[in-house]
Amino acid sequence: QNSMPADSLASVVGELQGVLSKDVSNAVAQERSLLSERRRVFHRLHRQRRRRRGAAHAAAQESPPTFLVLGFVTNPRTPKTREWIRQTVLVPAAEVGAPALIRFVVGKRGLSPRDVQQLDEERRRVGKDDFAVVDASDFNEAGGIYSCIDKLFAWFRHAPVAYPGASFYAKADDDSFVDVARLASFLRPAAGLPRVYGGYLQYDSFVTEEWRHCGWSAGPVGAAHARRHGCPKERRVYGPFPFVVGALTVMGGDLGGWFASSPHVAGLVEKGRATQGRPQHWDCGYSDVTLGYALGSANLSLSLLSVSDAMRDATYGAMDASRFVVSHHLRSQQMFEREAARAKAQPAWSPLLGECEAWPAVRAEAGGASAELQAAMRTFECCQQWKLCRLGPAAK
């Protein structure tokens, strides 16, 4: 058996070591090059993100605050309704440059995977994100029986934080047509009032342990009477107090800021959510009354703004203003389009803010003789430091 000479074997080993060393060196160099390129890409993307954030921050600092922030409370399963609102409300508002930010309010709790997918598809179809996803339950949780009250409170706690600096924060039901440009102009005279709470006024009392109302009335005289004779004597009842209906609820910027940070409101929300699943719970049917109760029981001085003469309703005959900013209870695309056309056809009119009256000295609101009215007003423990202001179209 022949064997390789030792010097030849050493030569072959040396060549193999050279080849392996070269291959390893090349591999190490390639890996270093890839790592270096990855670092360059990462740092470039990081710088781009920082520049975009800086530009967005600068733009936010340079832009004046939005006058009005309006949220339509909706749910993921009504995309057609949102499309009607986009076409009749959002598009016209953008065309005239209305000083308003408009969002569709949905809750993030209880969304099914299909709900999330549908919302994402809707964003892509519309080409923008006009949703505000708030910390509240939505339709998929218990069939939605808590969702509208949860979203109402969550919206007014969310909006002043997410969109700071507005003069007014407002909420509308998603069956409301809102003439946004006219609403912004309409609210201008009230911008100087402290802690505005406004809308179409009604009056009620509240059974606090059962999260339900008792003693509703269209006026304070009737509410005082209903509190005495229509509410259970054996239950803890708060009231009477004023509230505004769901067609449109408006808070001044200062009241919105208080609401967003108030321990009183946070505690009420916590208690309300704790009742979910019980026979007596906070409920969509009493959402607007519950908001009135929250404000009335807060020991806070407010400017209660009545805009009753500028609102319409398809089902409630008392709301029948011919010069209006909101029309409520619309059930179809045709109804939205009809109200949009009606709003556009309105002749120009100006808002008129009447003199604000101290609550105990209010002379007339929704009927009642003067002495009877003033006696009724004194039963509203909530409101003795409040002022009642009326905002409506100026006389023709």
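The values are calculated or read from the model by the stated rules, or taken from the named source; none is laboratory data. It should be emphasised that the depicted structure is a prediction, and the values quoted were computed from it without experimental measurement. Ideal geometry is used to build each Cβ from the backbone, glycine not excepted, and the neighbour counts take in all protein chains shown. The protein model used for the area step is the full one, side chains on, heavy atoms only, and it has no ligands, DNA or RNA in it. Shrake-Rupley method; radii C 1.70, N 1.55, O 1.52, S 1.80 Å.
Annotation for E95 and V126: the two label points, set 7 Å from Cα along the Cα-Cβ direction, are 1.9 nm apart.
Pop a pseudo-label 7 angstrom from the Cα along the beta-carbon direction at both E83 and S301 and give the gap in nm to one decimal. Reported label-point gap for E83 and S301 is 5.1 nm. Roughly how many Å is it from the Cα centre of segment 337-396 to that of segment 297-327, as a whole number? With segment 337-396 and segment 297-327 each reduced to a Cα centre, they are spaced 8 Å.
Inverting the mean 1/r over all pairs of different Cα atoms, compute the Kirkwood radius of segment 171-222 and quote it in Å.
14.1
Across segment 267-277, computed HN-Hα scalar couplings (Karplus, 6.51 cos²θ - 1.76 cosθ + 1.60, θ = phi - 60°) run x, 5, 4, 4, 5, x, 5, 5, 7, 4, x Hz from first to last residue, x flagging Gly and Pro.
Charge dipole (Cα centre; +1 on Lys/Arg Cβ, -1 on Asp/Glu Cβ; no other charges) of segment 152-221 amounts to roughly 400 debye. Divide the volume of the convex hull around the Cα atoms of segment 199-319 by the residue count and you get 122 Å³ per residue. Charged neighbours of A343, selected by a Cβ distance under 13 Å, balance to +3 (K, R count +1; D, E count -1).
What is the calculated FRET efficiency for T208 to S112, with r their C-beta to C-beta distance and R₀ = 30 Å, to the nearest 0.05?
Working: r = 33 Å, r/R0 = 1.11.
Efficiency at R0 = 30 Å is approximately 0.35.
Surface composition of segment 231-296: carbon and sulfur atoms hold 49% of the protein heavy-atom accessible area at a 1.4 Å probe.
Filter the trypsin sites (Lys or Arg not before Pro) in segment 283-370 to those in DSSP coil with at most 13 other Cβ atoms within 10 Å of their Cβ, and list the result. Kindly include the intermediate steps, with their values, before the conclusion.
Details: sites: R312, R323, R331, R338, R342, K344, R363; in loops: R323, R331, R363.
The qualifying sites are R331, R363.
Straight Cα distances below 24 angstrom link K344 to the lysines K80, K171, K396, with same-chain residues fewer than 8 positions distant left out. The 3J(HN,Hα) values that the Karplus relation (6.51, -1.76, 1.60; θ = phi - 60°) gives for segment 81-98 are, in residue order, 4, 5, 5, 4, 5, 4, 6, 9, 10, 5, 4, x, 5, 5, 4, 9, x, 4 Hz. Gly and Pro appear as x. Applying 0.36 nm per residue to the separation of S261 and V161 and subtracting their alpha-carbon distance, the gain on full extension is 35.1 nm. Along segment 120-137 the Karplus relation, 6.51 cos²θ - 1.76 cosθ + 1.60 evaluated at θ = phi - 60°, assigns HN-Hα couplings of 5, 5, 5, 4, 5, 5, 6, x, 7, 9, 10, 9, 10, 9, 10, 7, 8, 6 Hz to successive residues, with x for each Gly and Pro.
Give the peptides 123-130, 314-321 in descending order of average Cβ contacts within 10 Å, highest first. Each step should come with its number before you reach the end.
On the way: 123-130: 11.5, 314-321: 13.6.
By packing density, highest mean first, the sequence is 314-321, 123-130.
List the chymotrypsin sites (Phe, Trp or Tyr not before Pro) within segment 152-209 that DSSP assigns to loop and that have no more than 11 neighbouring Cβ atoms inside 10 Å.
Numbers: sites: F153, W155, F156, F168, Y169, F177, F186, Y197, Y200, Y203, F206; in loops: none.
Sparse-neighbourhood loop chymotrypsin sites (Phe, Trp or Tyr not before Pro): none present.
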